[in-house]
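Inspection log for the structure reproduced underneath, given as structure tokens.
The values are calculated or read from the model by the stated rules, or taken from the named source; none is laboratory data. The structure presented is a predicted model; accordingly, all values stated were derived computationally and were not measured. All Cβ positions, glycine included, derive from the backbone under ideal geometry; neighbour counts span all protein chains shown.
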Amino acid sequence: MLRFIIARRLARPGVAALAVAAALFGAGPASAQDAADLLVRTTRLENQLRQMSGQIEQLQFENRRLSDQLRKFQEDVDFRLNEKGGGRSAAPAPSTKPPAGPAPGQRRSDAFDPTMQQGAAGAPQQLGGTGSIASIIQGEDEGPATGQPLDLQGVGRPVPQGALPQAMPRGQSVAAASGPASAKDAYDVAFASLQRKEYEQAEMGFRQFLQSYPRDRLAVDATYWLGESYLQRQRYREAAEQFLKISRESPRAAKAPDSLLRLGMSLNGLGAKEQACATYAKVGVDYPAASDAVRQGIARERRRSGCA
């Protein structure tokens, strides 16, 4: 009967259970209070342990999930690299031996030669599609094409009429009674404006001269100075049209080497650095007997453009 009563009291929660425990052990009020504190602390620790166990399980789950994602990402990267590179082999270790220099009197194999290294920047290149001088001048390319073949093979050769845009609008002839009496007078008037740095007046004068006297012996010089008037005003596209016209239609003219130099400067102004460098190199190939002024100008512009 006594055991039944004790069991019922132990089954009751709270203070009754603590009192029963104290009565069983024959403890006093102080011992009962300590037992109550111990039970509370134990219960609190158990709750904290459960919470920590749940957090540990959640962290372990997140860790496994992130590990799986990282593994899949690495597999995907390896697959893409192998698919694009086709299983590239590792690069060979660099040699510790210094490169052997050329024998005395022998040309270095890595020396730049524009006649041999056709594909290098700064060398005359083959006629191609995009990146050609004509397409750059006509604005067909949004920007200078890097590494594209360059149209320089046609420079110095006649081209059919209409291959390039007309630089001079066709209007009424200016050989009127009030104008200059001869072609030489018209040329001198335009050239005088150029010397005074009145470039717009010079442009109008040379354009009118070329309209009125297209077959005059001064037509090539007038075309050259017309391009110069554009170049001085940084109208690089119009300038390139005039210089390219001389190089193609009059490659044997006295102004032809200077026109190629000015063509390279105009292309560099348009942002076509590789085409400009190739044009500078072509001057030395096509005109080995060019004047010292042209050679010095080529060297200066190559340094300014950073040509190889």
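Numbers for the structure displayed
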read-out	value
One residue from SER266, SER229, SER212 being in contact with a helix residue (DSSP H, G or I) (Cβ under 9 Å, 6 or more places away or on another chain) and farther than 20 Å from VAL294 by Cα	SER212
Contacts under 6 angstrom Cβ, first residue in segment 200-215 being without any contact (Cβ under 8 Å) to a residue 24 or more places away in the chain, partner of a type in the set (Phe, Trp, Tyr) and buried (at least 21 other Cβ atoms within 10 Å of the Cβ), 6 or more apart	PHE206/TRP225
Hits in segment 287-308 - residues which are of a type in the set (A, V, I, L, M), surrounded by 12 or more Cβ atoms within 10 Å (Cβ to Cβ), outside any helix (DSSP H, G or I) and free of Cβ contacts under 8 Å to residues at least 60 places away in the same chain	ALA290
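Every residue, every condition in (1) modelled with pLDDT of 95 or more; (2) more than 24 Å from LEU261 (Cβ to Cβ); (3) not hydroxyl-bearing (Ser, Thr, Tyr), yes or no:
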| site | (1), (2), (3) |
| --- | --- |
| PHE191 | yes, no, yes |
| LYS197 | no, no, yes |
| PRO214 | no, yes, yes |
| LEU218 | no, no, yes |
| TYR224 | yes, no, no |
| TYR230 | yes, no, no |
